[in-house]
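Visitor: Right, I'll just put the structure down here and ask away after.
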Amino acid sequence: MAISVAGGVRPGKVIEIERRLYNQLIVGKQVVGSMLDELNTEIEESANKLDIERKALKLRIEKQVQERNIYLEVSNHLTHTVNNAVEHQMAIPQSIIDSAGITESQILLLDLLLSPDLNLNRLRPIIEDNSWLCRDLINLINSPASRHRRPKNSDVQVTDIKLVINYIGLENLRLLIPYFCLRNWLPSGNANLLWITRKLWRYSIMSAIAAQALAELHDKEPSLTYTCALMYQFATSIILNQSGQIFEKTWGTWLREASQSRDKQVYDAIMATDFPAESVFEQVMQHGHTLNWQLLNLLKFEDSKMTRILKELDHDYHFSELSADAAIVAKASCYAKVLLLEEQQLIDPQEKRIMFDYYEFSAQELLRLKAQNFRKLDLL
């Protein structure tokens, strides 16, 4: 017999399934294959090498009682130090903004792109204020995939950001800028977080594709729900990025000190210590959705449509009480969770039905989403 949980405050089973997805993203050990527009491909070899080295060290340490005791003591102390630093930063949202380099101009771009009467001249100086965004847009327009949008001479490299923006056009910028913003906030260049980053990125893109499709089905503004679906992982990306930086800095400092003291057992113990994914997962569960809108408030965007929707999604409203746009983002996130959990065989048919019942999916919505290609977001 089907279990109906439509509407209402999220039941415990729905919460447990949603936690299961985030646990799989952050703590799960599966290696994620290459995707189109891949992130951090240059450190994949380093990540694999680090994983192999740690496994070999742990295997050897397990065989030596004395080394094992040293490993446990040093590793626990290192992990505790990192966790304390992460918890301290999460308790002060303004320090997150300062250390993560989140700027008002980045959020202003996202907010302006939601305006129906925006023009390119208003956007251009703000885009130019973010060098990484200029670089990403220039690289995109010069890539083989977008040559049809460039001058007829395919050897010409467009480097003027004004020309690039004109080639891309306003409607495509509504798609591209939120995409590049979230990618910029994700951890990069960190071998400890390569697989986590890839998984979270894929989940984010799948949610955004689903949000677009549902908005079009219900005659809502796709750019708003698409942007909010990406921004739903805003704080999670920041927490992972900051946690990764804190771990890298602490881990590297301890390694150098152990090397200078020529204490091989301590050095190996530090080397074998993993990124504390379990405790970072708990930080994401505790702070992620709340920080989504709190950080925007601190940047003085409390009246933005994005902030309103992200704040709605953080509160335990009855699902039927959510605004139409917030409901679309919630449904899109749910659908992406179910797909990813199905891939790993971590959800059964009854649990899938519970999720779809709670988020009040119609047969028409499920048919529309089933027809989507969730493996690629068409950028241009």
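Visitor: So how far, in whole Å, is the C-alpha centre of the range 87-120 from the one of the range 181-234?
Guide: The range 87-120 and the range 181-234 have Cα centres separated by 16 Å.
Visitor: Under a point spin-label approximation (7 Å from Cα along Cα-to-Cβ), what is the Arg353-Gln265 distance to one decimal in nm?
Guide: In this crude label model, Arg353 to Gln265 measures out at 5.8 nm.
Visitor: Under a 1.4 Å probe, what is the accessible area of the chain per residue, stated in Å²?
Guide: 47 Å²
Visitor: Hey, what number do you get for the chain at 222 nm if only DSSP H runs of n ≥ 4 count, each worth -39500 (n - 2.57), divided across all residues, to the nearest 500?
Guide: It comes out at -22500 deg cm²/dmol, rounded to the nearest 500.
Visitor: Given a Förster radius of 45 Å and the C-beta distance between Ala371 and Gln66 as r, what FRET efficiency does 1/(1 + (r/R0)^6) yield to the nearest 0.05?
Guide: Efficiency computed from Cβ-Cβ geometry: 0.15.
Visitor: Could you tell me the extents of the range 255-380's C-alpha atoms along the three principal axes, largest first, rounded to whole Å?
Guide: 65, 42, 36 Å, listed from the longest principal axis down.
Visitor: Further question: Could you give the nm distance between label points at Ala145 and Thr159, where each point is 7 Å from its Cα heading toward the beta carbon?
Guide: Each label point lies 7 Å from its Cα, and together they span 2.4 nm.
Visitor: Over the range 278-362, what relative contact order in percent results from Cα pairs under 8 Å that are six or more residues apart? Provide the component values of the computation, followed by the final result.
Guide: Values: 40 pairs, mean separation 17.2, N = 85.
That works out to 20 percent.
Visitor: If I stretch the segment between Lys29 and Ala363 completely, what's the gain in nm (0.36 nm per residue apart, minus their alpha carbon distance), one decimal?
Guide: 116.8 nm
Visitor: Expressed as a whole percentage, what fraction of the accessible surface of the chain belongs to carbon and sulfur atoms when a 1.4 Å probe is rolled over the protein heavy atoms?
Guide: With neighbouring chains kept in place, the figure for the chain is 49 percent.
Visitor: Taking only complete DSSP H runs, can you tell me which helices of the chain stretch 30 Å or more along their own long axis by Cα positions and average at least -0.5 on the Kyte-Doolittle scale? Intermediate values should be presented prior to the final figure.
Guide: Working: long enough: 65-90 (37 Å, -0.63); 194-217 (35 Å, 0.60); 234-261 (41 Å, -0.25).
Flagged H segments are 194-217, 234-261.
Visitor: Roughly how many Å is it from the Cα centre of the range 308-339 to that of the range 55-72, as a whole number?
Guide: 46 Å
Visitor: Top mean-square fluctuation among Pro222, Pro11, Pro116, Gaussian network model of the chain, C-alpha springs under 10 Å?
Guide: Judging by the Gaussian network model, the answer is Pro116.
Visitor: Taking N as the number of residues in the chain, what is its Cα Rg relative to 2.2 N^0.38 Å?
Guide: Against the empirical 2.2 N^0.38 Å value, I get 1.06 for the chain.
Visitor: Which of Lys29/Lys249; Lys311/Lys352; Lys13/Lys55; Lys337/Lys376; Lys199/Lys370 have a Cα-Cα distance over 28 Å?
Guide: Pairs exceeding 28 Å: Lys13/Lys55.
Visitor: At 0.36 nm per residue, and after removing the present C-alpha to C-alpha distance, how many nm does the segment from His77 to Arg135 gain when stretched out fully?
Guide: 16.8 nm
Visitor: Can you bin every Cα-Cα distance in the range 168-255 into 10 Å intervals starting at zero and give me the percent of pairs per bin, rounded to whole numbers?
Guide: Using 10 Å bins, I get a P(r) of 17, 41, 25, 12, 4, 1 for the range 168-255.
Visitor: Can you figure out the FRET efficiency of Leu379 with Lys13, using R₀ = 30 Å and their beta-carbon distance, to the nearest 0.05?
Guide: FRET efficiency, Leu379 to Lys13: 0.25.
The values are calculated or read from the model by the stated rules, or taken from the named source; none is laboratory data. For clarity, every value in this text was computed on a predicted model and none was experimentally measured. A quick note on method: Cβ atoms are made from the backbone with ideal geometry, for glycine too, and the neighbour counts reach across all protein chains shown. Ligands, DNA and RNA are excluded from the accessible area calculation, which covers all protein heavy atoms including side chains. Shrake-Rupley method; radii C 1.70, N 1.55, O 1.52, S 1.80 Å.
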